[in-house]
Amino acid sequence: MHLLEKKIVQGLLPKRQAYSHKGDYGRVLLIGGNEQMGGAIILAASATVASGAGLVTVATHSCNHAALHARLPEAMVLDIKDQAQLMAALQATDVVVVGPGLGRTGADLLLLSTICSSLTAEQSLIIDGDAITLLAENPLPQSKAFTVYTPHEKEWERLSGLPIDKQTVKNNQASQEQLNSVIVLKKHLTEIYFPQDVWQNQSGTAAMATGGMGDTLAGMLGGFLAQMHNKKSAILAAVFLHSHISDLIAETSYVTLPSEIIKRIPKAMKEFESTLEVVL
């Protein structure tokens with residue numbers, strides 16, 4: 001197991017080129033936020049925007065549109081129930097983040113099935129929150145997209161069938177191979193399972209144990225994957241910076257709110273940028 005530390009992440013983020021435009025930094029589509037959990041998709045989308053994605057679109061319940069426009073004017077919004085608009089957005093995007101505040105109804109499962117079957121190998125898919133539970137209860141054919149699951153330990157138990165006390169590195173690797181995806185297992189010292197190796201994050205504290213933290217990480221992963229050529233570097237950088245920012249806030253705060261982490265993402269990314277993109 002490799003240790004994910006500051007010295008590893010330093011230089012992973014490439015310096016932005018002078019001659020570039022928003023199209024060079026990727027398109028991200030975030031899907032989620034039902035009538036009760038609009039805050040989840042707002043946090044995720046805010047993290048994606050703060051992470052530097054070029055164009056961000058949010059497909060969510062219509063009751064969340066006004067709040068999204070007010071909180072995040074940088075993002076475009078569409079109705080999650082408008083199938084024509086959603087299909088067009090799926091075809092045009094580089095990265096899809098699905099699950100924050102999505103819900104677990106039959107309609108949500110049908111939507112998830114459509115997403116998984118519509119994406120191509122050139123796209124990336126981040127499966128978070130309710131989408132993980134839906135897939136655990138209703139297995140669907142593997143998407144062609146490069147796929148990242150972001151479960152906490154209980155969600156991983158549902159998805160992999162491994163009780164928490166059986167979630168060893170060896171067992172987790174076996175389940176990761178079956179899913180043929182990257183697994184970001186959120187826990188104390190989060191573990192990232194790639195096909196070739198395993199990394200353990202060395203940052204993060206109990207100050208992060210609050211609602212919306214996972215939504216924020218999912219949004220960061222979407223933003224980083226959209227603009228970085230090396231997917232492994234993007235995932236490692238997003239996971240580390242998410243908790244590294246929290247560590248800095250926790251020096252003077254008892255708890256770190258996701259919204260406070262989001263505000264500090266651009267500055268943290270600047271600290272870790274490099275003129276050369278490191279390949280791990």
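For Cα extents along the principal axes in Å, one of (i) 62, 50, 30; (ii) 62, 40, 38; (iii) 47, 46, 38 was computed from the structure I shared and the rest are decoys. Which label? So the structure-derived entry is (iii).
Restricting segment 56-154 to GluC sites (Glu not before Pro) that sit in a DSSP loop and have at most 13 other Cβ atoms within 10 Å of their own Cβ leaves 74, 122.
Exceeding 29 Å between C-alpha atoms, which entries from my cross-link table qualify? They are 22/263; 154/270; 6/170; 81/166; 186/263. As for pairs spanning more than 29 Å Cα to Cα, those are 154/270; 81/166.
If only the Cβ of Lys and Arg carry +1 and only the Cβ of Asp and Glu carry -1, the dipole of the chain around its Cα centre is close to 420 debye. Based on DSSP H segments of at least four residues, each scored -39500 (n - 2.57), the chain has a per-residue ellipticity at 222 nm of -13500 deg cm²/dmol.
Any chance you could tell me what percent of the C-alpha pair distances in segment 1-111 go past 23 Å? Cα-Cα pairs of segment 1-111 separated by over 23 Å account for 35 percent. Evaluated at q = 0.12, 0.20 Å⁻¹, a Debye calculation over the C-alpha positions of segment 129-183 (equal weights, vacuum) places log10 I(q)/I(0) at -0.24, -0.68. Working ranking of peptides 262-268, 90-96 by packing, defined as the average number of other Cβ atoms within 10 Å per residue, highest first, is 90-96, 262-268. The label-point distance for residue 206 and residue 69, in a model that sets each label 7 Å from Cα toward Cβ, rounds to 4.4 nm. Taking the convex hull of the alpha carbon positions in segment 216-280 and averaging its projected area over all directions gives 4.4 nm².
Starting from the Cα of residue 6, move 7 Å in the Cα-to-Cβ direction to define the label point; list residues of segment 199-240 whose amide nitrogen is under 15 Å from there. It comes to 202-205, 240, nothing else. For segment 185-280, the set of GluC sites (Glu not before Pro) satisfying both a DSSP loop assignment and a count of at most 16 other C-beta atoms within 10 Å is given as 251, 277. For segment 67-110, the equivalent ellipsoid derived from the alpha-carbon gyration tensor has semi-axes of 19, 15, 11 Å in decreasing order. Name the residue from 202, 97, 164 whose Cα lies farthest towards the positive end of the charge dipole of segment 2-274, charges +1 on Cβ of Lys and Arg and -1 on Cβ of Asp and Glu. Checking the options against the dipole of segment 2-274, the answer is 202.
Take every DSSP beta bridge whose two residues both sit in the chain; close to 15 percent of them are antiparallel. When the chain is described by a simple charge dipole with +1 on each Lys and Arg Cβ and -1 on each Asp and Glu Cβ, the residue from 244, 132, 8 located farthest towards its positive end is 8. For the chain, averaging the sequence separation of C-alpha pairs within contact (under 8 Å, six or more residues apart) and dividing by the residue count gives a relative contact order of 26 percent. Taking 149, 254, 193 as the candidate residues, the one with maximal mean-square fluctuation in a Gaussian network model of the chain, Cα springs under 10 Å, is 254.
We did not get these values from a lab; they are worked out from the coordinates using the rules stated. Please read all numbers here as calculations on a predicted model, not as lab measurements. Positions of Cβ are generated from backbone atoms using ideal geometry, with glycine treated the same way; all protein chains shown enter the neighbour counts.
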